[in-house]
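Down below is the structure, laid out as structure tokens.
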Amino acid sequence: MQTRQSNRKIPISIYDHEGVLDYFNAPFPHEPDDPRKLGFNVGKCIIGTYLIELLLQHALDDDNVKYRPSHNLYELYTRLPRPRRDAVEAKYIELLQSHRERTWDVAETVLSFLQYLGKKPLVDFRYYWKARRKDDGLLFSPDIMYDVVYALFIALHDYPESGPPVKRYDTRFDSLEDSFKTSGMLR
């Protein structure tokens, strides 16, 4: 297991983040219609956004890119050198087309998804009952983060894949805003 040197006080390997990934991948331990499902999904979204932040800051440290301490995932992502972002986006599309027949339009790219999450996604998820977003609702679906997390692990940190993704879908992107309007969640 190789540890990269950077400006960190403690040398760290990407495998040190695997424990967080294990929590993120944990299956719902109850029946699908159990009332604890929302809380479980909120918890997974908190873990997912935290994991995204860890992976981005780890990559920025490895590349010796300066960044201000922030929980703004979009801002951290845009600090990555362009070739690194391009690699993440390419891996994300591969994974998405392997796993998702359809998803929300906010997840068309890693960049658009992180922009959708806003400036303080950890706070928004932690205090979801207080979250007020003018333009759309807050999405409590950790599944939408799955391909983002793995694209960051694989493209930025050479995380091993079980095999190349197989293109199964031409992923369609449904309007999240329209869905919220239709459901009556937005007025």
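We did not get these values from a lab; they are worked out from the coordinates using the rules stated. Model, not experiment: these values are computed from the prediction. All Cβ positions, glycine included, derive from the backbone under ideal geometry; neighbour counts span all protein chains shown.
Each residue of region 119-124 in order: what ³J(HN,Hα) in whole Hz does its phi give by Karplus 6.51 cos²θ - 1.76 cosθ + 1.60, θ = phi - 60°, with x for Gly and Pro?
Result, ordered by residue: 6, 9, x, 4, 5, 4 Hz.
Straight-line reach from K119: which aspartates and glutamates have Cα under 15 Å away, leaving out those fewer than 8 places along the same chain?
E53, E75, D135, D136
Compare the peptides 70-79, 53-62, 33-42, 144-153 by average per-residue count of other Cβ atoms within 10 angstrom and give them in order, highest first.
Highest-to-lowest ranking by the protection proxy: 144-153, 53-62, 70-79, 33-42.
Longer than 27 Å from Cα to Cα, which of K120/K181; K37/K91; K37/K167; K37/K181; K91/K181 are they? Say none if no pair is. List each step's numbers first, then the result.
On the way: K120/K181 24 Å; K37/K91 30 Å; K37/K167 30 Å; K37/K181 23 Å; K91/K181 32 Å.
Pairs exceeding the cut-off: K37/K91; K37/K167; K91/K181.
Quick one: net charge around D143, please, counting Lys, Arg +1 and Asp, Glu -1 for every other residue with C-beta under 15 Å from its C-beta.
Overall, the nearby charge balance is +1.
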